[in-house]
Amino acid sequence: MSDYIALLDPALMDNKGTPSYNLGDLIIHESVLKLFEEIFPGVEIRRVSSHTGISAKEKEVINGSRHTFVGGTNILTSHIRNFNRLAPEKRRSQYIFPGFSNVVLIGAGWTRYEGRPDLYTTVYYNRILSPRYYQSLRDTYTSRKLNSFFRGKVMHTSCPTVWKLQDYQNTFRPEYNKILFTITDYDQDPEADSALMELLFESGSREIYFFPQGTKDESYLTSLEIVKKNRSKINILPHDFQSYISFVDGGSFNYIGTRLHGGIRCMQKQIPALVIGIDNRALEIKKDIGLNVADRHDLNIIRQWITGEYKPGKLSIPVENIRNWKRQFSS
């Protein structure tokens, strides 16, 4: 048996070690590594970027591994030929004969709400995904999508970043007097995002911080008129993973924002957090486990959380499914 595990990793932009520009991928990667330490202690991990076409060199790493995993995120699609994640090199034959197989998903999700997968995608996923092990999927929507054409086994486990949040209590803490917020450059809604910031300014918190999880989040933020008029009220953190981890580890603030995993990293540290749902990821996780998510246009529920009128309950983590998924590899 091979003495290493291959990880098809969204946290790598390329196979030269460049980190993903979306720091949320690094937050997922952190949880995946902790999972490997638990179920494969001491085993070497060889990382392959999931953002680039999988070439012959990467296939050699995958095919020589004990197991090959995909480290979460919204990495599945209905149209693989138009997608740049977990995709082969752009040659037609590669979709039919990818040259690698037995890949296992960890909390993976569908990239967006889409129709039925096309023929190339159906063939490709059935060729590369392992039929032996249960595929761990982030939400019920993704489970149904994959199960509609995949010949293997699927299991809803939610995202690995939330697996240890069974006891998390999510109540806004006004005494912290500090708010951290995020907005997203690739899903802009200036009216809704400006209304959110207006609520933050009215919250009574003395300090307001902004975390640019994506490379263009800050430029989008500073383009908004409300920010131009209130720039002195906002402290902008650097676009840097370790700086964000240090800030979160310092605690004593409330998080509100559109960046899902920026918020989940706060939850991991028992920090009050409200995620603003802008796409299928947060909204579907909310449906399944009760994650504290508000629609970006529902200012009333956001305001009620800030004032303490709305207190979300405990999360319904699928603990038994997670336990069973892990047990597959115990032998």
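The values are calculated or read from the model by the stated rules, or taken from the named source; none is laboratory data. Everything numeric in this text was worked out from a predicted model, so none of it was measured. When we count neighbours, we look across all protein chains shown, and the Cβ atoms used for this are built from the backbone with ideal geometry, even at glycine.
Among the residues of region 167-187, is there at least one that is within 25 Å of residue 291 (Cβ to Cβ), surrounded by 13 or more Cβ atoms within 10 Å (Cβ to Cβ), under 19 Å from the mean Cα position of the chain (by Cα) and not assigned by TED's automatic domain parsing to the domain that holds residue 272?
yes
Based on what the data block shows, is residue 256 more than 22 Å from residue 31 (Cα to Cα), of a type in the set (Val, Ile, Thr) and out of contact with any Lys or Arg (no Cβ under 6 Å at 6 or more places or on another chain)?
No, not satisfied.
Have a look at 215, 222 and point out the one that is free of Cβ contacts under 8 Å to residues at least 40 places away in the same chain and among the β-branched types (Val, Ile, Thr).
The unique qualifying residue is 222.
Considering only residues of region 176-190 that are assigned to a loop (DSSP other than H, G, I, E, B) and of a type in the set (Ser, Thr, Tyr), which is modelled with the highest pLDDT?
Once the filter is applied, the top-ranked residue is 184.
Could you list, in sequence order, the residues of region 22-50 that are of a type outside the set (Val, Ile, Thr), closer than 16 Å to residue 103 by Cα and either free of Cβ contacts under 8 Å to residues at least 12 places away in the same chain or touching a Pro at 6+ places or on another chain (Cβ under 7 Å) (or both)?
50
Mind checking which residues of region 81-99 are of a type in the set (A, V, I, L, M) and either farther than 17 Å from residue 56 by Cβ or in contact with a strand residue (DSSP E or B) (Cβ under 8 Å, 6 or more places away or on another chain) (or both)?
Residues satisfying the conditions are 86, 87.
Out of all the residues in region 20-48, which are within 16 Å of the chain's Cα centre (by Cα) and small (Gly, Ala, Ser)?
20, 24, 31
Considering only residues that are aromatic (Phe, Trp, Tyr) and more than 25 Å from the chain's Cα centre (by Cα), look in region 50-98 and name the one that is farthest from residue 141 (Cα to Cα).
Ranking the qualifying residues of region 50-98, first place goes to 97.
I need every pair where a residue in region 99-110 that is within 11 Å of residue 137 (Cβ to Cβ) and touching a residue at least 12 places away in the same chain (Cβ under 8 Å) has its Cβ under 9 Å from the Cβ of a residue that is of a type in the set (D, E, K, R) and not in a loop (DSSP other than H, G, I, E, B), sequence separation at least 6 or different chains.
Taking only residues 6 or more apart or on different chains, the pairs are 109/281; 109/284; 110/145; 110/281; 110/284.
When you go through (1) in contact (Cβ under 8 Å) with a residue 24 or more places away in the chain; (2) more than 24 Å from residue 206 (Cα to Cα); (3) part of a helix (DSSP H, G or I) one by one for residue 291, which number turns out not to apply?
(3) is the only condition that residue 291 fails.
Is it fair to say residue 70 is buried (at least 22 other Cβ atoms within 10 Å of the Cβ), outside the structural domain of residue 262 (by TED's automatic domain parsing) and closer than 25 Å to residue 131 by Cβ?
yes
Among the residues of region 268-281, how many are touching a residue at least 24 places away in the same chain (Cβ under 8 Å) and closer than 17 Å to residue 183 by Cα?
So the count comes out to 7.
If you check residue 7 against the conditions, is it out of contact with any Gly (no Cβ under 6 Å at 6 or more places or on another chain), closer than 21 Å to residue 137 by Cβ and not in a loop (DSSP other than H, G, I, E, B)?
Judged against the criteria, residue 7 is not a match.
Any idea which of 222, 157 is β-branched (Val, Ile, Thr) and assigned by TED's automatic domain parsing to the domain that holds residue 279?
Values: 157 fails: assigned by TED's automatic domain parsing to the domain that holds residue 279.
Being β-branched (Val, Ile, Thr) and assigned by TED's automatic domain parsing to the domain that holds residue 279 holds for just one of 222, 157, which is 222.
For residue 142, all conditions in the list (1) surrounded by 23 or more Cβ atoms within 10 Å (Cβ to Cβ); (2) touching a Phe, Trp or Tyr at 6+ places or on another chain (Cβ under 7 Å); (3) assigned to a strand (DSSP E or B) hold save one; what is the number of the exception?
Status for residue 142: all satisfied but (3).
Whether any residue in region 33-48 is within 16 Å of residue 10 (Cα to Cα) and in a loop (DSSP other than H, G, I, E, B) is what I want to check.
no
Pick from 162, 154: which is crowded, with 17+ Cβ neighbours inside 10 Å and more than 23 Å from residue 265 (Cβ to Cβ)?
Being crowded, with 17+ Cβ neighbours inside 10 Å and more than 23 Å from residue 265 (Cβ to Cβ) holds for just one of 162, 154, which is 154.
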